[in-house]
Amino acid sequence: SDFPGKGTVDSQPEGVICSMPWDSALPLLGTKDTLVEDMAKTDSRTSKSIKNSSVALVFYFINLILQFFSRKLFLDYLGAEVLGLNTTATNLLQFLNLAELGVGSAISCTLYKPLAEKDANAINEIVSLQGWLYRRIAWIVIAGSVVLMAFFPWIFAKMPLPLWYAYASFGALLVSALLSYFVNYKQIVLSADQQEYKIQYSYKASMLAKLLCQILAIRYLSNGYVWWLVLEVVFAVVASVALNRVIARTYPCLKTDLYVGKELARKYPDVLTKVKQLFFHKIAGFALTQSSPIIIYAYTTLTIVALYGNYMLIVMGVQTLMTALFNSVNAGVGNLIAEGDKRKIMSVFAELFSIRFLFSCIMCFGVLLVTPSFVSFWIGKEYVMDSLSLLLMTAILFINLSRTTVDTYINAYGLFSDIWAPVIEASVNVGLSIILGYSFGLHGVLSGVLISLFLVVFCWKPYYLFRKGLDEPLRIYVFMYAKHLVVTLLCGVIVFLGMRYSMEKENTTFFAGLLTTLVFSVLDTLALLFVAQGMRNLMMRFVRMCHLTIIDG
């Protein structure tokens, strides 16, 4: 475990929070230069982030392949009705899970400081408070589920399947959700301590095994959906057991007491304050993601909704890939902010901004060029949308991807008091989507979403972070963003003009799009290395880590 400001004890097991006092560790370490210590800690955060991202990417691609076969077999052997039922049951449960109210996010940002200071008592208390809150939420979800299931005969009145299918599907998914509240809540410590790869190895590996077994059951067993439901419940229990065994080995001193929840709520009032603030963010976010398909259907046809859904599958796949790449960095930022070194905080912000901006541009450039030919190859030319719709969806994707650096720092600082911002964002989104959708159809709905994101996410959130969190002038961010944007746009224009002839042949459009995206990636990376200090610092960090790895090897 890392001792803040004091070096590293190599013999200490990774992740153990009840580490030896620093005074007793001094003879093992000797003295080190402060700069070397800072570099060691920074490299430790970087190496953990790389390890988490690498493992997450492996599991992402395995899950992607299995999901493809699972969906195909669902349709072939069970039919679209069962698949639709399963999707509907999942959506209903997601609605009930709004009762979580952002407790996990509030607990996570509260854990960063005690984890950095190795304060085992504070960690135990905070996790106990989370367990107490989650238990109360679980009973709310149970009560809501009972009420909701009473209306199943009306909700699923048009379903051609027996009604018990709906109850069994919802019940099996409910068991998995309740286990996360009653049993799996301690995994928040692994996430906050930059050890998410252990969650992947235990819980996510069990989920992949479940998916594989469900595929085999649907393919080779009679009553395949019944077996699907049984495996859903069995592997939910198996995954919970595996996860908690890993947590117990990693944090042997982590002991929770849910019976002192009320006392802990009074001791940590900031947690409940953040939960109340996050309630508005979560409700507004849910409204944002769920309203667009409904408004699109109101002004267009089911065919347009289906086309939009196909494109959104691609967009969501890109966002999930970016999450797998960079989500593990969040805990490292929280740990860095807990240390309070402002110079390092700003330096890391510049590095994260550069690398995430680069990947966001590469992803969006690829989506813009490759999506039409991919959709044509995937499901047919008749499902290809017009260029303006794709451009608007790509612009929305770009804001959602490039916002992550600011969001990571906002979450690390626990800045959730701007409860009016998500309310305005949702109101502008829905209002403009309705108004513009009436006149311009799908283009108007997408424009409403884009305008709301631009006003709140693109303009307000950076100002809020730099004023309330980083305490730096906003012009630093504006200059940083403008420099990256101008360079990237120039690279895009140069590449597109240089490769336009290879894009003219229809039968090579898909591969030409991939090649063009690759060329753009190389050119934009070199250009940002030339103009962005954050990108150069990040590259130097990777070179230094590789050098140390070779020496250690």
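When GLY441, GLY437 are checked against the criterion of being at positive phi, open to solvent by less than 40 Å² (accessible area, probe 1.4 Å) and at pLDDT below 90, a single residue qualifies: GLY441.
Is there a residue in the stretch 463-473 that is within 22 Å of the chain's Cα centre (by Cα), surrounded by 16 or more Cβ atoms within 10 Å (Cβ to Cβ) and among the hydrophobic types (A, V, I, L, M, F, W, C)? For the stretch 463-473, residues within 22 Å of the chain's Cα centre (by Cα), surrounded by 16 or more Cβ atoms within 10 Å (Cβ to Cβ) and among the hydrophobic types (A, V, I, L, M, F, W, C): present. Look at (1) among the aliphatic types (A, V, I, L, M); (2) over 30 Å from ASN330 (Cα atoms); (3) at pLDDT 85 or above and you find that ALA209 fails only one, number (2).
Take the residues in the stretch 359-382 that are small (Gly, Ala, Ser) and modelled with pLDDT of 90 or more; name whichever of them is farthest from the chain's Cα centre (by Cα). Ranking the candidates gives GLY366 first. Screening the candidates LEU173, LEU178, LEU161, LEU190 for the property of being touching an Asp or Glu at 6+ places or on another chain (Cβ under 8 Å), over 30 Å from GLU117 (Cα atoms) and assigned to a helix (DSSP H, G or I) yields one hit, LEU173. Of ALA236, ALA265, ALA217, all but one fail to be surrounded by 14 or more Cβ atoms within 10 Å (Cβ to Cβ), without any contact (Cβ under 8 Å) to a residue 40 or more places away in the chain and of a type in the set (A, V, I, L, M); the exception is ALA217. PHE279 meets the stated requirement of being assigned to a helix (DSSP H, G or I), at pLDDT below 85 and within 30 Å of LEU96 (Cβ to Cβ).
Out of the stretch 120-154, which residues are in contact (Cβ under 8 Å) with a residue 24 or more places away in the chain, over 14 Å from LEU264 (Cβ atoms) and open to solvent by 30 Å² or more (accessible area, probe 1.4 Å)? Listed by number, the residues that qualify are ILE140, ILE142, LEU148.
Going by the conditions given, is VAL375 surrounded by 18 or more Cβ atoms within 10 Å (Cβ to Cβ) and farther than 25 Å from ALA532 by Cβ? For VAL375, the condition - surrounded by 18 or more Cβ atoms within 10 Å (Cβ to Cβ) and farther than 25 Å from ALA532 by Cβ - is met.
The values are calculated or read from the model by the stated rules, or taken from the named source; none is laboratory data. Quantities reported herein were computed from a predicted structural model and do not represent experimental measurements. A quick note on method: Cβ atoms are made from the backbone with ideal geometry, for glycine too, and the neighbour counts reach across all protein chains shown. Just the protein is used for accessible areas: all its heavy atoms, side chains included, with ligands, DNA and RNA removed. Shrake-Rupley method; radii C 1.70, N 1.55, O 1.52, S 1.80 Å.
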